[in-house]
Amino acid sequence: MNELTKEQKEKVKNILSQMTLEEKIGQMNQESVSIVGGFDVSFEELIEMMTDGRISHEEFEKIMGSAEKDYHEDEIRAGGVGSIMVQDPQKANELQRIAVEESRLKIPLLFGLDVIHGFRSVYPIAIAEAGSFEPELFERTARMAAKESRSQGVSWHFAPMIDVARDARWGRVSEGPGEDPYLVTEFAKSKVRGLQNDTSSPKNYVAACLKHYVAYGACESGRDYNTVSMAKSMLYNTYLPPFKEAAKEGAATAMASFNDINGVPSTVNTFALRELLKETYGLPGFVVSDANGIRECVAHGIAEDNYDAGVQAANAGLDMDMGTGIFRDYMKKAVEEGKVSMEVIDEAVERILGVKVWLGLFEHPYITEEDMHQYDTLPKEHIALAREAAEKSVVLLKNEGHLLPLKKDAKISLVGALAEKKEEIIGAWALSWKKEDCVTILDAFEEKGVNYSYYPCCDVEGEINEEELKGAISDGDVIVAVVGENVSMSGEASSRADITLPGKQREMLQRLLESGKPVVAILMNGRPLALKWEQEHIQAIIEGWHLGIQMGPAITGILFGEVNPSGKLAATFPAMTGQCPIYYNHPNTGRPGSKSKFTSRYLDAGFEPLYPFGYGLSYTSYEYSNLAVAENKDSLNITLDVENTGDMAGVETVQLYMRDVTASLVRPIKELKGFQKVTLEKGEKKKIECKLLKENMGFYNDNGEYLLEDGKFQIFAGGNSKDNLMEEIEIHF
Ligand code: BGC
């Protein structure tokens, strides 16, 4: 969000000066959906109803479009609502008309929605797309989503989700760009640029919302909403950087997370919201609570009642209340009783109005008929981008004996009910997709005219169908099994204590293997899974995640070798669930894990993950050599050679890591500091050059001070976080 112009600032001040206290509080109020049809449900309950099948996706859309008429209308007319979640453009126009024509000050409503990985053109879930190691791609997909959503009236995305997430049990690892603070930061900045920076027309941009601020991903034992306890240095070094940098990039808004941090819930955390996010990082717009967040402070045990919770939240710097009505119901009393000052209210409203002005909502409050129908037929470029993103997100985990790519005329048994389910390719938190746009793996097999027979055999949670299994075993020469998690098994409120393949799927794989025929497993999942058994037994494994509307063609492109896989893992895969949380950039212990017993390891799971962060194979192979580190005044110049030693052109992600060997605080054994994607023809060798700025080689202590300490550093380069070349250098800053 660029700084407002002088005129825009004056406009905000001018409106503010005319507002009554009630109207100001109205701007701080976001309404959740209340539904006609005899029952009231919150937005989250509605999502749950859709994900567990109680209502269809079509019904969900209808309900979202038909938010209870009377419920909102009078409040809007009275200036009592600042923002609403609606995704039906007609409904948005209807409500907007009341706001801008019938309310006293004619302030437009801001329509917000969860658009996490695409609006109608759903692209891969973020943990998958981060595996492309291509932030610029994330920028392009974000821009596509911004345009599509704005055409339907949604001009505020509750995205990017930039919680560093290191515990695969947590269902929300699916929504963010993985476990590494540097990678998450790069992706956070690019998403903000994609959503916000094309201000050439109000049709092209939306306001971003950084969430969930902060450290939500560190919930104890990976259980959603759970408590978070950590050293301040950890907070500064790992969880804050994506928010800091994205706020500096101009992200308009942020969302306070549900969790407490060291005893203080984010919703009422003055240090996190006011001191850091607003005053130090300079967030230009406003902070919204997460849904119901203010009320939950009572359950946390930090507020006596709703009134107290509202007072604490407003004073901490929370500007907008998502869905509880607590600001609406209590803020006037709080001001009258002197519990919340007018300055606090004015600051919140100024920030909210500033975002509305910047979005151009005062000049363009409505969606025109033309806008509304602009994407009725999904543009070819959008489909192509969803396909490109899907292809670049796929990670080849294993390929024994070069089983892949498959020959075009191979006789295939396609197995696994996930192969045919349109609703299972779109990933958690996709709300605005259409069935007709979704191309499943089965659809793609059919379209390609491949020589295949399809046997569902087993659902994610169902029984094995013996007849179909028999057919699958006897029919094809090679078996392609699509296995994994349903969409509802990741995302919010979807933590799992056992992250192996659910249901009977492993048993199905075992039975298929007993046929003696080669088996390829294609995984569809929203989190790293514990795949020790699969790695030991299955010949080829493709990590397909939930890739969005073009999942099918992306997978067949890779299966048949038209596309050489290039994705890398943005999160470590454990061998067993009990290793969680497991991540590459952990601090060393005094007894680093090794084969010997009295080291930091498990008796039954050792100390190493199954697949490290940054890992991903290709149909070709790469060799790294000649790592050299040269010191300049302000930076290190790092060079190395990478050679394509296989039989096919490919794209490799060269990763640069660093270790501060001795410091005043124990530092991670490796830290990602840069990456470069390089295209290499068969036999080609390229010299790669990267620069590491010395100012980026430091770390924060518990007081939030950034330290650059002299001493020995190790510089690593390689194709993943484990297998690296290494050089040592002594630095005096
Ligand atoms: C989630 C947020 C989401 C919000 C609004 C909450 O339950 O935690 O990520 O943006 O709902 O839908």
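The values are calculated or read from the model by the stated rules, or taken from the named source; none is laboratory data. These numbers come from a predicted model, not from an experiment. Quick reminder, even Gly has a Cβ in these numbers, built from the backbone with ideal geometry, and neighbours come from all protein chains shown.
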Response to the item:
Among residues of the range 242-269 being of a type in the set (V, I, T) and either over 17 Å from M230 (Cα atoms) or crowded, with 24+ Cβ neighbours inside 10 Å (or both), the residue nearest to the chain's Cα centre (by Cα) is T253
Fill in: Residues of the range 717-726 classified as surrounded by 16 or more Cβ atoms within 10 Å (Cβ to Cβ) and over 27 Å from the mean Cα position of the chain (by Cα), total
1
Discussion item. Six or more apart or on different chains, Cβ atoms under 6 Å: show the pairs whose first residue is in the range 247-260 and under 12 Å from S190 (Cα atoms) and in contact (Cβ under 8 Å) with a residue 60 or more places away in the chain and whose second is more than 15 Å from the ligand (Cβ to nearest atom) and β-branched (V, I, T).
Written reply: E249/V192; A251/V192
Discussion item. Take the conditions acidic (D, E), within 27 Å of I473 (Cβ to Cβ) and over 22 Å from the mean Cα position of the chain (by Cα) and apply them to E400. Does it pass?
Written reply: yes
Item to complete: Go through the range 87-100 residue by residue and tally those that are closer than 26 Å to L21 by Cα and within 16 Å of the ligand (Cβ to nearest atom).
Response: 0
Response to the item:
Going through the range 174-225 in order, the residues found to be of a type in the set (S, T, Y), under 21 Å from N259 (Cα atoms) and crowded, with 24+ Cβ neighbours inside 10 Å are S174, Y213, Y216
Discussion item. Tell me the residue from A570, A575 that is more than 23 Å from D660 (Cα to Cα) and not polar (S, T, N, Q), please.
Written reply: A575
Fill in: Within the range 315-340, considering residues that are more than 16 Å from the ligand (Cβ to nearest atom) and closer than 21 Å to P284 by Cα, the one surrounded by the most Cβ atoms within 10 Å (Cβ to Cβ)
G317
Fill in: Condition broken by Y205, with the remaining ones in (1) out of contact with any Leu (no Cβ under 8 Å at 6 or more places or on another chain); (2) in a loop (DSSP other than H, G, I, E, B) satisfied
(1)
Worksheet item: Name the helices (runs of 4 or more DSSP H) wholly within the range 306-363 that hold at least 1 residues that are closer than 30 Å to D198 by Cα and in contact with a strand residue (DSSP E or B) (Cβ under 8 Å, 6 or more places away or on another chain)?
Response: 342-358
Worksheet item: What tally of residues in the range 654-669 results from selecting those that are among the polar types (S, T, N, Q) and surrounded by fewer than 22 Cβ atoms within 10 Å (Cβ to Cβ)?
Response: 2
Discussion item. Among the residues that make up the range 195-203, is at least one of them hydroxyl-bearing (S, T, Y), at positive phi and modelled with pLDDT of 95 or more?
Written reply: no
Discussion item. For the list (1) farther than 25 Å from I352 by Cβ; (2) touching a Phe, Trp or Tyr at 6+ places or on another chain (Cβ under 9 Å); (3) of a type outside the set (D, E, K, R), I need the number of the one condition that G112 fails.
Written reply: (1)
Worksheet item: So, of the residues in the range 181-207 that are small (G, A, S) and in contact with an Asp or Glu (Cβ under 9 Å, 6 or more places away or on another chain), which turns out to be farthest from the ligand (Cβ to nearest atom)?
Response: S190
Item to complete: List the strands (runs of 3 or more DSSP E) that sit entirely inside the range 405-494 and contain at least 1 residues that are more than 16 Å from the ligand (Cβ to nearest atom) and among the acidic types (D, E).
Response: none
Discussion item. I'm trying to understand the selection: among the residues of the range 127-151, which are surrounded by fewer than 24 Cβ atoms within 10 Å (Cβ to Cβ) and either within 16 Å of the ligand (Cβ to nearest atom) or among the aliphatic types (A, V, I, L, M) (or both)?
Written reply: L137, M144
Item to complete: Give the residue that is farthest from the ligand (Cβ to nearest atom), with candidates limited to residues of the range 159-180 that are among the charged types (D, E, K, R) and in a loop (DSSP other than H, G, I, E, B).
Response: D180
Response to the item:
A careful count of residues in the range 283-314 that are farther than 20 Å from T253 by Cα and within 16 Å of the ligand (Cβ to nearest atom) gives 5
Worksheet item: Looking at the range 696-714, is at least one residue buried (at least 18 other Cβ atoms within 10 Å of the Cβ), at negative phi and not in a strand (DSSP E or B)?
Response: yes
Worksheet, complete the sentence: Counting only strands (runs of 3 or more DSSP E) entirely within the range 573-682, those with at least 2 residues that are in contact with a Cys (Cβ under 9 Å, 6 or more places away or on another chain) and under 18 Å from Q714 (Cβ atoms) are 635-644, 650-660, 671-680
Worksheet item: Only one of these conditions is not met by S103: (1) away from the ligand (no atom under 16 Å from the Cβ); (2) closer than 24 Å to K380 by Cα. Which number is it?
Response: (2)
Item to complete: Sort out for me the helices (runs of 4 or more DSSP H) sitting completely within the range 33-149 that have 2 or more residues that are modelled with pLDDT of 95 or more and closer than 23 Å to H212 by Cα.
Response: 126-129
